[in-house]
Amino acid sequence: MEDKRSTQLVLPLGLTYEPKHKDLVKQHWNVTFARQGRMSVTAKRIMARVIDQIRDDDFKLRPYYQFRIVDIITDAGITKETAYKEVQGALRELLAAIWEFESIDRSEWFARHLLDSTKERAVGYKDGIITVLLNPQLEPYFVQIAHYSTYQLNNYMGLKSWYSMRFFEILSAFRDTGVWCPTVEQYRQLMDCSEEKDKRGKVKRDKDGNAKMKYPDTRDLINRTITEPLEELASTNLAFNFEPVYEAERLTRGRKKITGFKFILKRKQDGKIPEYWLQNRMVAQVVANLRAWKITDKNIALYLEDIGTKAANKLVYDWQLKENTDDRINDRTKYCNAVFVRIGKAIQERLKSEIQESIGNI
């Protein structure tokens, strides 16, 4: 009988397009706050290089994403000799990764594999080129993203710890308030440090029947998961201070129990447009367009990330259309800034509400 396996594509082809990377990565709130299992830094870097190729105006995911291995090993302490094994191991992790989502009222729960291994073109590595296929069922979370956190890719790619990467992602969602106050249980869930479970999702227990917990002692949890991010993020725009939150009253004798954490961003939004925005040609053009319509730099700095470049361009287009009508804008400074700020604040308020619902659901 003829062996048809010889005709199947089992490794990805070489680079078939030139990947174009952005300076900003956008991530859907539901992905940031989904229950993500811990994975290696190399795996997180691979996902960052995939996500940063998704454009604001994309309507569909690409059938596959490719990039050079040098894009993830630079400044990562990975040598060329060990790169192949690092990538191979990271791709195995990503192929096995499952993200869990739950509705706010907990009436619905579902899980999705992150990558797609069902297609003829395979997830893999060949001749210095990495090929990744995202699960098409996750398309709504990555394409035409409306609710997202943004973070600088260069800073993100320079992080050495998975916990630091998670802090970078989550704290990006609190740029406007500058404060994140999770309970200990919320924090454990987001950092994959809650109850240990087996492959069927059943909680593991010790010989006394107690649930097994990663870093069960809260002070050990702090030392293992917060100390390193404090140091690694110190040189980024998301540098933060940390305070434990203690129970209000203690009915029994002994030290007060830590019930939550307070993370305070050191860098406040100062109304200045970040220099790295202007180094991105697409973002710089949006800024120039907004300035032409008298949007102040302060308002651009405060609201552009939340409004998004696509929506900002749509605003400018609508204003241009008004120029040839009886509804022409007479005072750009007053009118355009009022519209821009109103939209920006509405989006921020909606996002704050959704963040609290997402975290409160954990």
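Quick notes on this structure:
- Label-point separation, ALA248 to ARG205 (7 Å along Cα→Cβ), nm: 3.4
- Debye intensity ratio in log₁₀ form over the Cα atoms of segment 246-357, taken at each q of 0.17, 0.19, 0.24 Å⁻¹: -0.88, -1.04, -1.37
- Our summary gives segment 215-362 a relative contact order of 16 percent, counting only alpha carbon pairs under 8 angstrom and 6 or more residues apart.
- Segment 156-281 - Debye-derived log10 I(q)/I(0), Cα point model, q = 0.11, 0.15 Å⁻¹: -0.49, -0.82
- Solvent-accessible surface (1.4 angstrom probe) belonging to VAL123, in square angstrom, nearest 10: 30
- Computed in the context of the full set of protein chains, the accessible area of segment 157-256 at 1.4 Å probe radius has 45% of its extent on carbon or sulfur.
- Gyration tensor over the Cα atoms of segment 232-310: the corresponding equivalent ellipsoid has semi-axes (square roots of 5 times the eigenvalues, largest first) of 42, 13, 9 Å.
- The alpha carbon centroids of segment 209-237 and segment 257-315 are separated by 30 Å.
- For ASN330, neighbours were defined as the other residues whose beta-carbon sits under 15 Å from its Cβ, and their charges (Lys and Arg +1, Asp and Glu -1) total +1.
- Along its principal axes, segment 161-210 has C-alpha extents of 45, 20, 18 angstrom, given from the largest down.
- Pairs exceeding 27 Å between alpha-carbon atoms, taken from LYS322/LYS345; LYS60/LYS272; LYS160/LYS214; LYS60/LYS314; LYS262/LYS294; LYS44/LYS119: LYS60/LYS272; LYS262/LYS294.
- Probe 1.4 Å, accessible area per residue of segment 154-212, Å²: 48
The values are calculated or read from the model by the stated rules, or taken from the named source; none is laboratory data. Predicted model only: the values in this text are computed from it and were never measured. Ideal geometry is used to build each Cβ from the backbone, glycine not excepted, and the neighbour counts take in all protein chains shown. These area figures cover heavy atoms from the full protein model, side chains too; ligands, DNA and RNA do not enter into them. Shrake-Rupley method; radii C 1.70, N 1.55, O 1.52, S 1.80 Å.
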